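The values are calculated or read from the model by the stated rules, or taken from the named source; none is laboratory data. Nothing here was measured: the structure is a model prediction, and the numbers come from that model. Here the Cβ positions follow ideal geometry from the backbone for every residue, glycine too, while neighbour counts run over all protein chains shown.
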Amino acid sequence: MASANASDSVPQGSPSRVAAPVRAVLALSAGILSLERLLIMGFMGLLVALILLNVVTRYAGASLYWVDESAVYSVVWLSFIGGSAMTRLRLDFAMTMLTEKLSPAWARRAKVTAGIGVVIFALALALMCWLWLDPAGLAQAGFDAKRFAAATFNFVYTERTQTLNWPSWSLYLIVPIFSISLFVHGLANVMEDLGWAPAARARGFDLGGNEGIN
């Protein structure tokens, strides 16, 4: 009986039993999360610098008209990157009024179902981005933005930002990037929730649970 209990106590996803595809997904998720950490710090620093520059130039009477737009796009990229990282760190918002009343087994099933919902959402978002940006259609048009717009009435590659005068599509790329990173993180979470691998602890993040949000 003791030996049976000992074998049952070994987690199904112990490192020695983790399958190679699962390890690959977890490693990819960890790599993306490490990159997201650097990008979050970079965009936060950039945003602070832009705000300070805006305050100083306005006070000096020499406002830079492109600063506001730069700050807006910095917040957009920071929000998407931060949202992806929060999903892997399990710091995203959750409704627990129902799951708190469920048994541990059903609460685990609900958690897995929610994780699968995140994966499905990420796939749907990636599909919509493919239809929106239509890289295949752009390639058929010889990567000629005007020819592509005339054939499809999709002007995403001809639009430019108002003050920075950057191609709008280059800033829109955060949406498909987010869908890919969200898919990988969501898949990693589901694999851990299913017991295929032990829960990983993110390096470089002080927040390890919901207690750290406040």
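State yes or no: is residue 181 modelled with pLDDT of 80 or more, over 14 Å from residue 30 (Cα atoms), small (Gly, Ala, Ser) and surrounded by 12 or more Cβ atoms within 10 Å (Cβ to Cβ)?
Working: modelled with pLDDT of 80 or more: yes; over 14 Å from residue 30 (Cα atoms): no; small (Gly, Ala, Ser): yes; surrounded by 12 or more Cβ atoms within 10 Å (Cβ to Cβ): yes.
Taking the combined requirement at face value, the residue does not satisfy it.
For the stretch 138-152, check the following and say yes or no: at least one residue is within 17 Å of residue 30 (Cβ to Cβ) and of a type in the set (Ser, Thr, Tyr).
Looking through the stretch 138-152, none of the residues is within 17 Å of residue 30 (Cβ to Cβ) and of a type in the set (Ser, Thr, Tyr).
Any idea how many residues of the stretch 52-71 are assigned to a helix (DSSP H, G or I) and either charged (D, E, K, R) or surrounded by 14 or more Cβ atoms within 10 Å (Cβ to Cβ) (or both)?
Selection size over the stretch 52-71: 9.
Taking the stretch 163-186, which residues are farther than 30 Å from residue 112 by Cβ and within 27 Å of the chain's Cα centre (by Cα)?
Selection gives 164, 165, 166, 167, 168, 169, 170, 171, 172, 173.
Could you list, in sequence order, the residues of the stretch 56-70 that are small (Gly, Ala, Ser) and more than 19 Å from residue 165 (Cβ to Cβ)?
Residues of the stretch 56-70 small (Gly, Ala, Ser): 60-63, 70.
The answer is 60, 61, 62.
Only one of these is touching a Cys at 6+ places or on another chain (Cβ under 6 Å) and surrounded by 14 or more Cβ atoms within 10 Å (Cβ to Cβ): 175, 118. Name it.
Matching residue, one of 175, 118: 175.
Residue 142 fails exactly one of the following numbered conditions: (1) farther than 30 Å from residue 191 by Cα; (2) among the small types (Gly, Ala, Ser); (3) surrounded by fewer than 15 Cβ atoms within 10 Å (Cβ to Cβ); (4) under 26 Å from the mean Cα position of the chain (by Cα). What is the number of that condition?
(4)
Here is a check on your reading of the model: is residue 84 within 14 Å of the chain's Cα centre (by Cα), assigned to a helix (DSSP H, G or I) and hydroxyl-bearing (Ser, Thr, Tyr)? Give the derivation first.
Working: within 14 Å of the chain's Cα centre (by Cα): yes; assigned to a helix (DSSP H, G or I): yes; hydroxyl-bearing (Ser, Thr, Tyr): yes.
In short, yes.
For the stretch 89-115, what are the residues that are under 19 Å from the mean Cα position of the chain (by Cα) and aromatic (Phe, Trp, Tyr)?
93, the sole residue that qualifies.
Would you please list the contacts, defined by Cβ atoms under 9 Å and residues six or more apart or on different chains, that run from a residue in the stretch 49-77 that is at pLDDT 95 or above to a residue that is aromatic (Phe, Trp, Tyr)?
Going by the 9 Å Cβ cut-off, the qualifying pairs are 73/166; 74/43; 75/43; 77/43.
Regarding the stretch 149-159, can at least one residue be identified that is at positive phi, surrounded by fewer than 14 Cβ atoms within 10 Å (Cβ to Cβ) and not basic (Lys, Arg)?
Yes, because at least one residue in the stretch 149-159 is at positive phi, surrounded by fewer than 14 Cβ atoms within 10 Å (Cβ to Cβ) and not basic (Lys, Arg).
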